[in-house]
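Engineer: The structure under discussion is supplied below as structure tokens; questions concerning it will follow.
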């Protein structure tokens, strides 16, 4: 009987945790009225908004192909943004993606990549997953569909990261 209660308690905990994660993910999804649940005035620039939410103040849709795959565990079926992997300060690092998968995101602060990248090479990395040497970046890097204007704003923001 004790064993059944233990399994019941563990099962109940897993179900509650899954429900909590699902509800949090639904809160982080884009709001159709202003493009982000953060609020339109929460960011100092459009580039910062794109970095944290993958939404634009222009109302243009920013989507992606490929990217981290772990049955949607990492984002709980939510929308990825640059900060999801590279962190709020752009320094990257290693983090778990669920189901014991680990991803290492590079440091994308301009102080770390500026000698290797220019605007054109940055564009190719973001939209095509292409490294400056012409090789393909990891498929953990989403291939973003982003307008030239939004990409310029994003790069301008990344250049401000310390």
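Engineer: Considering only residues that are surrounded by 15 or more Cβ atoms within 10 Å (Cβ to Cβ) and outside any loop (DSSP other than H, G, I, E, B), look in segment 97-108 and name the one that is nearest to the chain's Cα centre (by Cα).
Structural biologist: Here the answer is 105.
Engineer: Look at residue 94 and say whether it is outside any helix (DSSP H, G or I), modelled with pLDDT of 90 or more and more than 15 Å from residue 155 (Cα to Cα). Before you say what the answer is, go through the steps one by one.
Structural biologist: On the way: outside any helix (DSSP H, G or I): yes; modelled with pLDDT of 90 or more: no; more than 15 Å from residue 155 (Cα to Cα): yes.
In short, no.
Each row is one residue, and each column tells you yes or no for (1) under 18 Å from residue 161 (Cβ atoms); (2) in a loop (DSSP other than H, G, I, E, B); (3) at pLDDT 90 or above.
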| residue | (1), (2), (3) |
| --- | --- |
| 35 | no, yes, no |
| 50 | yes, no, yes |
| 58 | no, yes, yes |
| 71 | no, yes, no |
| 80 | no, yes, no |
| 84 | yes, no, no |
| 89 | yes, yes, yes |
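Engineer: I'd like the residue in segment 60-69 that is assigned to a loop (DSSP other than H, G, I, E, B) and more than 20 Å from residue 104 (Cα to Cα) and, out of all such residues, is modelled with the lowest pLDDT.
Structural biologist: Per the stated criteria, the residue is 60.
The values are calculated or read from the model by the stated rules, or taken from the named source; none is laboratory data. Here the structure is a predicted model, which means the values were calculated and not measured. Neighbour counts run over all protein chains shown; Cβ positions are idealised from the backbone, glycine included.
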